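The values are calculated or read from the model by the stated rules, or taken from the named source; none is laboratory data. What you are looking at is a predicted structure, and each value in this text was computed from that prediction instead of being measured. When we count neighbours, we look across all protein chains shown, and the Cβ atoms used for this are built from the backbone with ideal geometry, even at glycine. All accessible areas refer to the heavy atoms of the entire protein, side chains included, with ligands and DNA or RNA removed. Shrake-Rupley method; radii C 1.70, N 1.55, O 1.52, S 1.80 Å.
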Amino acid sequence: MNKIEIKPGIYWVGGIDWHIQDFHGYKTHRGTTYNAYLIIDEKVVLVDTVKHYLYGEMLARIKEIIDPSKIDYVVSNHVEMDHSGSLPKILEEAPNATLITSVQGEKGLRRHYKRDWNFHVAQSGEELSIGKRTLVFVHVPMVHWPDSMVTYIPEENLLLPNDAFGQHIASAERFDDEIEWGVLKEATATYYANIVMPYGTQVGKALEALGGLDIDMIAPSHGIIWRSRIPDILAEYVKWANHETEARALIVYDTMWGSTERIAYALAEGLSEADVPVTVRSLKNTHISDVMTDLITSKLILIGSPTINNGMLPSMGGFLTYLKGLRPKDRLGFAFGSFGWGGQAAGEIEKFMKDMGWEVPIEYVNLKFVPDTEELGNVKSIGKELGKILG
Ligand code: FEO
(Lines give C-alpha, C1' and ligand atoms only; values in the text may rest on other atoms or scores of the structure.)
Protein backbone atom coordinates (compact mmCIF):
# COMPACT_ATOMS: atom_id res chain seq x y z
CA MET A 1 0.00 0.00 0.00
CA ASN A 2 1.56 3.34 -1.07
CA LYS A 3 1.98 6.05 1.53
CA ILE A 4 0.06 9.17 0.46
CA GLU A 5 1.88 12.20 1.85
CA ILE A 6 -0.12 15.38 1.34
CA LYS A 7 2.49 17.61 3.03
CA PRO A 8 5.84 16.57 4.52
CA GLY A 9 4.99 14.41 7.53
CA ILE A 10 1.22 14.57 6.95
CA TYR A 11 -0.49 11.58 5.36
CA TRP A 12 -3.88 10.71 3.93
CA VAL A 13 -4.91 7.47 5.65
CA GLY A 14 -8.56 7.30 4.59
CA GLY A 15 -10.72 4.67 2.97
CA ILE A 16 -12.24 4.55 -0.52
CA ASP A 17 -15.89 3.48 -0.68
CA TRP A 18 -16.19 2.56 -4.36
CA HIS A 19 -19.63 0.98 -4.14
CA ILE A 20 -21.84 3.20 -1.98
CA GLN A 21 -24.77 4.55 -4.00
CA ASP A 22 -27.08 5.71 -1.19
CA PHE A 23 -25.65 8.05 1.41
CA HIS A 24 -28.59 8.52 3.78
CA GLY A 25 -30.92 9.06 0.84
CA TYR A 26 -28.47 11.00 -1.36
CA LYS A 27 -27.61 9.16 -4.58
CA THR A 28 -23.83 8.92 -4.66
CA HIS A 29 -23.22 7.85 -8.26
CA ARG A 30 -19.46 8.19 -7.91
CA GLY A 31 -19.06 6.50 -4.51
CA THR A 32 -17.12 8.42 -1.88
CA THR A 33 -14.08 8.45 0.38
CA TYR A 34 -13.77 8.96 4.12
CA ASN A 35 -10.60 10.94 4.64
CA ALA A 36 -8.48 10.58 7.75
CA TYR A 37 -5.12 12.29 8.20
CA LEU A 38 -2.06 11.22 10.16
CA ILE A 39 0.36 13.91 11.37
CA ILE A 40 3.84 12.80 12.44
CA ASP A 41 5.47 15.33 14.78
CA GLU A 42 6.81 15.11 18.33
CA LYS A 43 3.29 13.97 18.99
CA VAL A 44 1.45 11.71 16.57
CA VAL A 45 -2.06 12.82 15.66
CA LEU A 46 -4.85 11.12 13.74
CA VAL A 47 -7.51 13.54 12.50
CA ASP A 48 -10.87 11.80 12.02
CA THR A 49 -11.41 8.18 11.09
CA VAL A 50 -13.42 6.27 8.47
CA LYS A 51 -16.75 4.46 8.24
CA HIS A 52 -16.61 1.30 10.33
CA TYR A 53 -16.33 -1.14 7.44
CA LEU A 54 -13.23 0.60 6.05
CA TYR A 55 -11.34 0.44 9.35
CA GLY A 56 -9.00 -2.27 7.99
CA GLU A 57 -7.98 -0.04 5.09
CA MET A 58 -7.28 2.91 7.41
CA LEU A 59 -5.31 0.75 9.81
CA ALA A 60 -3.20 -0.72 6.99
CA ARG A 61 -2.42 2.79 5.75
CA ILE A 62 -1.42 3.92 9.26
CA LYS A 63 0.76 0.84 9.75
CA GLU A 64 2.71 1.72 6.58
CA ILE A 65 3.79 4.87 8.38
CA ILE A 66 3.88 4.19 12.12
CA ASP A 67 2.91 1.72 14.82
CA PRO A 68 -0.67 2.82 15.65
CA SER A 69 -0.02 2.41 19.38
CA LYS A 70 2.19 5.50 19.05
CA ILE A 71 -0.78 7.76 18.27
CA ASP A 72 -0.96 10.42 21.01
CA TYR A 73 -4.08 12.28 19.90
CA VAL A 74 -7.12 11.41 17.88
CA VAL A 75 -9.09 14.47 16.75
CA SER A 76 -12.79 13.92 16.11
CA ASN A 77 -13.94 16.94 14.13
CA HIS A 78 -17.44 15.51 13.68
CA VAL A 79 -19.52 12.84 15.41
CA GLU A 80 -21.40 11.50 12.36
CA MET A 81 -20.56 7.82 11.99
CA ASP A 82 -18.93 8.06 8.57
CA HIS A 83 -16.08 9.79 10.44
CA SER A 84 -16.32 8.40 13.95
CA GLY A 85 -17.20 4.80 13.07
CA SER A 86 -13.65 3.53 13.47
CA LEU A 87 -12.95 5.33 16.76
CA PRO A 88 -13.72 2.29 18.94
CA LYS A 89 -11.20 0.09 17.13
CA ILE A 90 -8.42 2.64 16.66
CA LEU A 91 -8.65 3.65 20.32
CA GLU A 92 -8.16 -0.01 21.23
CA GLU A 93 -4.96 0.08 19.16
CA ALA A 94 -3.91 3.35 20.79
CA PRO A 95 -5.28 3.03 24.34
CA ASN A 96 -3.27 5.95 25.69
CA ALA A 97 -4.42 8.39 23.06
CA THR A 98 -6.39 11.47 24.06
CA LEU A 99 -9.58 12.01 22.06
CA ILE A 100 -10.00 15.68 21.20
CA THR A 101 -13.42 16.94 20.21
CA SER A 102 -15.79 19.87 20.68
CA VAL A 103 -18.21 20.31 23.60
CA GLN A 104 -21.07 18.90 21.55
CA GLY A 105 -18.69 16.33 20.10
CA GLU A 106 -18.04 14.79 23.51
CA LYS A 107 -21.77 14.64 24.22
CA GLY A 108 -22.50 13.10 20.82
CA LEU A 109 -19.67 10.54 20.96
CA ARG A 110 -20.76 9.43 24.44
CA ARG A 111 -24.34 8.95 23.17
CA HIS A 112 -23.20 7.01 20.12
CA TYR A 113 -20.52 4.76 21.57
CA LYS A 114 -21.23 4.58 25.36
CA ARG A 115 -17.47 4.59 26.06
CA ASP A 116 -15.55 6.48 28.69
CA TRP A 117 -12.68 7.45 26.43
CA ASN A 118 -9.91 9.83 27.47
CA PHE A 119 -11.71 12.94 26.21
CA HIS A 120 -10.28 16.41 25.91
CA VAL A 121 -12.91 19.00 25.06
CA ALA A 122 -11.44 21.70 22.83
CA GLN A 123 -12.89 25.18 23.11
CA SER A 124 -13.23 27.16 19.89
CA GLY A 125 -9.91 28.83 19.13
CA GLU A 126 -7.95 26.53 21.46
CA GLU A 127 -4.41 25.72 20.34
CA LEU A 128 -2.37 22.58 20.95
CA SER A 129 1.36 22.36 20.23
CA ILE A 130 2.39 18.97 18.89
CA GLY A 131 6.07 19.85 18.30
CA LYS A 132 6.96 21.83 15.19
CA ARG A 133 3.28 22.32 14.50
CA THR A 134 0.22 23.69 16.25
CA LEU A 135 -3.33 22.44 15.96
CA VAL A 136 -5.99 25.14 16.18
CA PHE A 137 -9.56 23.97 16.75
CA VAL A 138 -12.42 26.15 15.52
CA HIS A 139 -16.05 25.23 16.15
CA VAL A 140 -18.30 25.49 13.06
CA PRO A 141 -21.68 24.36 14.46
CA MET A 142 -24.18 22.96 11.92
CA VAL A 143 -21.56 22.51 9.21
CA HIS A 144 -22.75 19.77 9.32
CA TRP A 145 -23.96 18.89 12.86
CA PRO A 146 -23.97 20.91 16.11
CA ASP A 147 -20.64 19.28 17.08
CA SER A 148 -18.77 20.15 13.86
CA MET A 149 -15.27 21.55 14.26
CA VAL A 150 -12.37 22.26 11.92
CA THR A 151 -8.68 21.77 12.65
CA TYR A 152 -6.20 24.30 11.27
CA ILE A 153 -2.42 23.92 11.19
CA PRO A 154 -0.91 27.41 10.75
CA GLU A 155 2.68 26.22 10.15
CA GLU A 156 1.39 24.23 7.16
CA ASN A 157 -1.36 26.61 5.95
CA LEU A 158 -3.50 23.50 6.10
CA LEU A 159 -7.21 23.40 6.91
CA LEU A 160 -8.89 20.11 7.84
CA PRO A 161 -12.57 21.16 7.69
CA ASN A 162 -14.24 17.74 7.81
CA ASP A 163 -17.52 17.80 5.82
CA ALA A 164 -17.16 21.36 4.49
CA PHE A 165 -15.71 21.55 0.95
CA GLY A 166 -16.20 17.78 0.56
CA GLN A 167 -17.58 15.84 -2.39
CA HIS A 168 -18.72 12.28 -2.82
CA ILE A 169 -16.12 11.02 -5.28
CA ALA A 170 -14.29 7.72 -5.04
CA SER A 171 -11.11 7.90 -7.09
CA ALA A 172 -7.46 6.97 -7.24
CA GLU A 173 -6.68 10.70 -7.43
CA ARG A 174 -6.37 12.70 -4.22
CA PHE A 175 -5.91 16.30 -5.43
CA ASP A 176 -8.05 18.84 -7.26
CA ASP A 177 -5.52 19.30 -10.09
CA GLU A 178 -5.66 15.59 -10.89
CA ILE A 179 -9.35 15.54 -11.74
CA GLU A 180 -11.44 17.45 -14.27
CA TRP A 181 -12.79 20.73 -12.82
CA GLY A 182 -16.29 20.31 -14.25
CA VAL A 183 -16.67 16.93 -12.53
CA LEU A 184 -15.27 18.26 -9.29
CA LYS A 185 -17.39 21.42 -9.32
CA GLU A 186 -20.57 19.47 -10.00
CA ALA A 187 -19.81 16.90 -7.31
CA THR A 188 -19.07 19.69 -4.81
CA ALA A 189 -22.30 21.47 -5.75
CA THR A 190 -24.33 18.25 -5.35
CA TYR A 191 -22.73 17.67 -1.97
CA TYR A 192 -23.42 21.23 -0.83
CA ALA A 193 -27.01 21.15 -2.07
CA ASN A 194 -27.83 17.86 -0.36
CA ILE A 195 -25.82 18.14 2.85
CA VAL A 196 -24.95 21.74 3.67
CA MET A 197 -27.62 23.91 2.02
CA PRO A 198 -29.91 24.28 5.08
CA TYR A 199 -27.03 25.87 7.00
CA GLY A 200 -26.12 28.75 4.67
CA THR A 201 -26.06 31.25 7.55
CA GLN A 202 -23.70 29.05 9.56
CA VAL A 203 -21.54 28.44 6.47
CA GLY A 204 -21.32 32.22 6.04
CA LYS A 205 -20.16 32.58 9.66
CA ALA A 206 -17.65 29.75 9.24
CA LEU A 207 -16.26 31.36 6.07
CA GLU A 208 -15.88 34.64 8.00
CA ALA A 209 -14.11 32.86 10.87
CA LEU A 210 -11.73 31.16 8.44
CA GLY A 211 -11.37 34.21 6.20
CA GLY A 212 -8.30 35.61 7.97
CA LEU A 213 -6.33 32.37 7.82
CA ASP A 214 -3.51 31.64 5.38
CA ILE A 215 -4.58 28.48 3.62
CA ASP A 216 -2.84 26.70 0.76
CA MET A 217 -4.50 23.33 1.22
CA ILE A 218 -8.01 22.32 2.26
CA ALA A 219 -8.27 18.64 3.10
CA PRO A 220 -11.92 17.70 3.69
CA SER A 221 -13.27 14.42 5.01
CA HIS A 222 -14.81 13.32 1.70
CA GLY A 223 -13.33 13.21 -1.78
CA ILE A 224 -10.62 15.33 -3.29
CA ILE A 225 -8.13 17.61 -1.49
CA TRP A 226 -8.03 21.25 -2.59
CA ARG A 227 -4.64 22.83 -3.36
CA SER A 228 -4.94 24.41 -6.84
CA ARG A 229 -8.52 25.66 -6.90
CA ILE A 230 -8.96 27.10 -3.41
CA PRO A 231 -10.13 30.57 -4.60
CA ASP A 232 -12.58 28.90 -7.02
CA ILE A 233 -14.19 26.70 -4.41
CA LEU A 234 -14.29 29.46 -1.80
CA ALA A 235 -16.07 31.68 -4.34
CA GLU A 236 -18.63 28.92 -5.00
CA TYR A 237 -19.20 28.43 -1.26
CA VAL A 238 -19.79 32.16 -0.77
CA LYS A 239 -22.39 32.13 -3.57
CA TRP A 240 -24.12 29.03 -2.25
CA ALA A 241 -24.13 30.26 1.35
CA ASN A 242 -25.84 33.46 0.16
CA HIS A 243 -28.37 31.48 -1.97
CA GLU A 244 -27.12 33.31 -5.07
CA THR A 245 -28.52 31.82 -8.27
CA GLU A 246 -28.38 32.36 -12.03
CA ALA A 247 -31.15 33.45 -14.42
CA ARG A 248 -31.96 29.82 -15.16
CA ALA A 249 -35.19 27.84 -14.89
CA LEU A 250 -35.67 24.36 -13.51
CA ILE A 251 -38.85 22.41 -14.26
CA VAL A 252 -39.52 19.44 -11.96
CA TYR A 253 -42.60 17.31 -12.50
CA ASP A 254 -44.16 13.90 -12.40
CA THR A 255 -46.98 12.76 -14.64
CA MET A 256 -49.64 9.99 -14.75
CA TRP A 257 -50.98 9.95 -18.32
CA GLY A 258 -48.75 12.61 -19.88
CA SER A 259 -50.85 15.79 -19.41
CA THR A 260 -48.65 17.36 -16.73
CA GLU A 261 -45.64 16.47 -18.87
CA ARG A 262 -47.14 18.31 -21.84
CA ILE A 263 -47.60 21.39 -19.66
CA ALA A 264 -43.98 21.07 -18.49
CA TYR A 265 -42.75 21.03 -22.09
CA ALA A 266 -44.96 23.96 -23.12
CA LEU A 267 -43.52 25.97 -20.22
CA ALA A 268 -40.00 24.97 -21.31
CA GLU A 269 -40.74 26.14 -24.86
CA GLY A 270 -41.96 29.52 -23.63
CA LEU A 271 -38.93 29.96 -21.38
CA SER A 272 -36.59 29.04 -24.23
CA GLU A 273 -38.28 31.61 -26.48
CA ALA A 274 -37.55 34.16 -23.74
CA ASP A 275 -33.88 33.08 -23.95
CA VAL A 276 -33.88 31.51 -20.50
CA PRO A 277 -31.77 28.37 -20.10
CA VAL A 278 -34.13 25.70 -18.82
CA THR A 279 -33.56 22.25 -17.35
CA VAL A 280 -36.42 19.71 -17.35
CA ARG A 281 -36.43 16.90 -14.79
CA SER A 282 -39.00 14.15 -14.43
CA LEU A 283 -39.12 12.53 -11.02
CA LYS A 284 -39.71 9.23 -12.80
CA ASN A 285 -36.09 9.05 -13.81
CA THR A 286 -34.16 11.70 -11.90
CA HIS A 287 -33.24 11.09 -8.28
CA ILE A 288 -34.31 13.90 -5.95
CA SER A 289 -30.72 14.50 -4.83
CA ASP A 290 -29.72 15.07 -8.48
CA VAL A 291 -32.57 17.56 -8.89
CA MET A 292 -30.93 19.53 -6.07
CA THR A 293 -27.78 19.98 -8.20
CA ASP A 294 -29.89 21.81 -10.78
CA LEU A 295 -31.81 23.70 -8.15
CA ILE A 296 -28.73 25.19 -6.49
CA THR A 297 -28.05 27.43 -9.51
CA SER A 298 -31.63 28.07 -10.72
CA LYS A 299 -33.58 31.17 -9.73
CA LEU A 300 -36.91 30.09 -11.24
CA ILE A 301 -38.36 26.78 -10.08
CA LEU A 302 -41.46 25.36 -11.82
CA ILE A 303 -43.02 22.34 -10.14
CA GLY A 304 -45.88 20.25 -11.47
CA SER A 305 -47.98 17.25 -10.50
CA PRO A 306 -51.31 15.79 -11.51
CA THR A 307 -53.91 15.25 -8.82
CA ILE A 308 -54.41 11.72 -7.54
CA ASN A 309 -56.75 10.85 -4.68
CA ASN A 310 -57.26 14.55 -3.86
CA GLY A 311 -53.55 15.33 -3.59
CA MET A 312 -50.26 15.32 -5.47
CA LEU A 313 -48.41 12.22 -6.62
CA PRO A 314 -46.47 10.59 -3.76
CA SER A 315 -43.22 11.06 -5.71
CA MET A 316 -43.86 14.83 -5.67
CA GLY A 317 -44.81 14.72 -1.98
CA GLY A 318 -41.49 13.03 -1.25
CA PHE A 319 -39.58 15.57 -3.32
CA LEU A 320 -41.24 18.53 -1.62
CA THR A 321 -40.53 17.04 1.84
CA TYR A 322 -36.86 16.73 0.85
CA LEU A 323 -36.84 20.25 -0.60
CA LYS A 324 -38.44 21.75 2.51
CA GLY A 325 -35.69 20.27 4.70
CA LEU A 326 -32.93 21.69 2.48
CA ARG A 327 -34.52 25.18 2.62
CA PRO A 328 -33.41 26.86 -0.63
CA LYS A 329 -34.19 30.57 -0.40
CA ASP A 330 -34.72 33.52 -2.74
CA ARG A 331 -36.43 31.64 -5.55
CA LEU A 332 -39.24 32.48 -7.94
CA GLY A 333 -41.82 29.72 -8.08
CA PHE A 334 -44.55 28.58 -10.45
CA ALA A 335 -46.87 25.60 -9.91
CA PHE A 336 -48.77 23.57 -12.49
CA GLY A 337 -50.71 20.37 -12.85
CA SER A 338 -53.56 18.48 -14.44
CA PHE A 339 -56.58 16.69 -13.03
CA GLY A 340 -59.75 14.76 -13.79
CA TRP A 341 -61.77 15.90 -10.79
CA GLY A 342 -60.76 17.36 -7.45
CA GLY A 343 -57.60 19.09 -8.75
CA GLN A 344 -55.87 19.90 -5.47
CA ALA A 345 -52.22 19.21 -6.42
CA ALA A 346 -51.26 22.42 -8.25
CA GLY A 347 -52.71 24.63 -5.50
CA GLU A 348 -50.93 22.61 -2.84
CA ILE A 349 -47.62 23.05 -4.68
CA GLU A 350 -48.18 26.79 -4.96
CA LYS A 351 -48.95 26.99 -1.23
CA PHE A 352 -45.75 25.02 -0.54
CA MET A 353 -43.75 27.59 -2.53
CA LYS A 354 -45.29 30.51 -0.66
CA ASP A 355 -44.68 28.79 2.68
CA MET A 356 -41.02 28.47 1.65
CA GLY A 357 -40.94 32.25 1.24
CA TRP A 358 -40.56 32.06 -2.53
CA GLU A 359 -42.07 34.76 -4.69
CA VAL A 360 -44.90 33.42 -6.88
CA PRO A 361 -45.49 36.08 -9.57
CA ILE A 362 -48.08 34.14 -11.63
CA GLU A 363 -50.91 32.00 -10.26
CA TYR A 364 -50.75 28.26 -10.90
CA VAL A 365 -52.10 26.52 -13.99
CA ASN A 366 -54.30 23.44 -13.56
CA LEU A 367 -55.80 21.80 -16.67
CA LYS A 368 -58.60 19.23 -16.83
CA PHE A 369 -57.78 15.82 -18.33
CA VAL A 370 -55.82 16.44 -21.56
CA PRO A 371 -54.69 19.98 -22.53
CA ASP A 372 -55.71 21.15 -26.02
CA THR A 373 -53.66 23.23 -28.45
CA GLU A 374 -55.07 26.52 -27.25
CA GLU A 375 -54.40 25.71 -23.61
CA LEU A 376 -50.85 24.65 -24.39
CA GLY A 377 -50.38 27.93 -26.30
CA ASN A 378 -51.50 29.82 -23.19
CA VAL A 379 -49.10 27.78 -21.04
CA LYS A 380 -46.28 28.60 -23.44
CA SER A 381 -47.15 32.30 -23.07
CA ILE A 382 -46.91 31.93 -19.29
CA GLY A 383 -43.46 30.39 -19.76
CA LYS A 384 -42.46 33.40 -21.85
CA GLU A 385 -43.89 35.79 -19.28
CA LEU A 386 -42.00 34.04 -16.47
CA GLY A 387 -38.86 34.29 -18.59
CA LYS A 388 -39.35 38.07 -18.89
CA ILE A 389 -39.91 38.36 -15.12
CA LEU A 390 -36.70 36.42 -14.56
CA GLY A 391 -34.96 38.95 -16.80
FE1 FEO B 1 -19.52 13.17 6.36
FE2 FEO B 1 -21.76 14.85 8.43
O3 FEO B 1 -20.65 13.46 7.85
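Counting only residues that are closer than 19 Å to Asp163 by Cβ and in contact with a helix residue (DSSP H, G or I) (Cβ under 6 Å, 6 or more places away or on another chain), which one in segment 40-58 is surrounded by the fewest Cβ atoms within 10 Å (Cβ to Cβ)? Only one residue tops the list, namely Lys51. The single condition from (1) touching a residue at least 12 places away in the same chain (Cβ under 8 Å); (2) away from the ligand (no atom under 16 Å from the Cβ); (3) under 18 Å from Asp48 (Cβ atoms) that His139 fails is (2). Kindly indicate whether Ile20 is farther than 25 Å from Glu156 by Cβ, assigned to a loop (DSSP other than H, G, I, E, B), modelled with pLDDT of 95 or more and open to solvent by less than 40 Å² (accessible area, probe 1.4 Å). Taking the combined requirement at face value, the residue satisfies it.
Here Lys329, Lys324 are screened, and the one residue that is of a type outside the set (S, T, N, Q) and in contact (Cβ under 8 Å) with a residue 60 or more places away in the chain is Lys329.
When segment 260-294 is filtered for residues that are in contact with a Ser or Thr (Cβ under 7 Å, 6 or more places away or on another chain) and either over 19 Å from Phe319 (Cβ atoms) or open to solvent by 60 Å² or more (accessible area, probe 1.4 Å) (or both), the ones remaining, listed by number, are Glu261, Gly270.
Residues checked against (1) among the β-branched types (Val, Ile, Thr); (2) touching a residue at least 24 places away in the same chain (Cβ under 8 Å); (3) more than 25 Å from Pro146 (Cβ to Cβ):
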| residue | (1), (2), (3) |
| --- | --- |
| Met197 | no, yes, no |
| Gly204 | no, yes, no |
| Glu208 | no, no, no |
| Leu213 | no, yes, no |
| Ala247 | no, yes, yes |
| Ile251 | yes, yes, yes |
| Leu271 | no, yes, yes |
| Thr279 | yes, yes, yes |
| Lys284 | no, yes, yes |
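Looking only at segment 331-349, decide whether some residue is β-branched (Val, Ile, Thr) and surrounded by fewer than 18 Cβ atoms within 10 Å (Cβ to Cβ). Scanning segment 331-349, I find no residue that is β-branched (Val, Ile, Thr) and surrounded by fewer than 18 Cβ atoms within 10 Å (Cβ to Cβ), so the answer is no.
Listed here are the residues, each with its yes/no results for (1) assigned by TED's automatic domain parsing to the domain that holds Gly125; (2) over 27 Å from Asp294 (Cβ atoms); (3) more than 13 Å from the ligand (Cβ to nearest atom); (4) open to solvent by less than 50 Å² (accessible area, probe 1.4 Å).
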| site | (1), (2), (3), (4) |
| --- | --- |
| Asp163 | yes, no, no, yes |
| His168 | yes, no, no, yes |
| Phe175 | yes, yes, yes, yes |
| Ile195 | yes, no, no, yes |
| Leu207 | yes, no, yes, yes |
| Met217 | yes, yes, yes, yes |
| Pro220 | yes, no, no, yes |
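Mind listing whichever residues of segment 69-92 are within 16 Å of the ligand (Cβ to nearest atom), farther than 16 Å from Pro220 by Cβ and surrounded by fewer than 24 Cβ atoms within 10 Å (Cβ to Cβ)? Across segment 69-92, the qualifying residues are Met81, Gly85.
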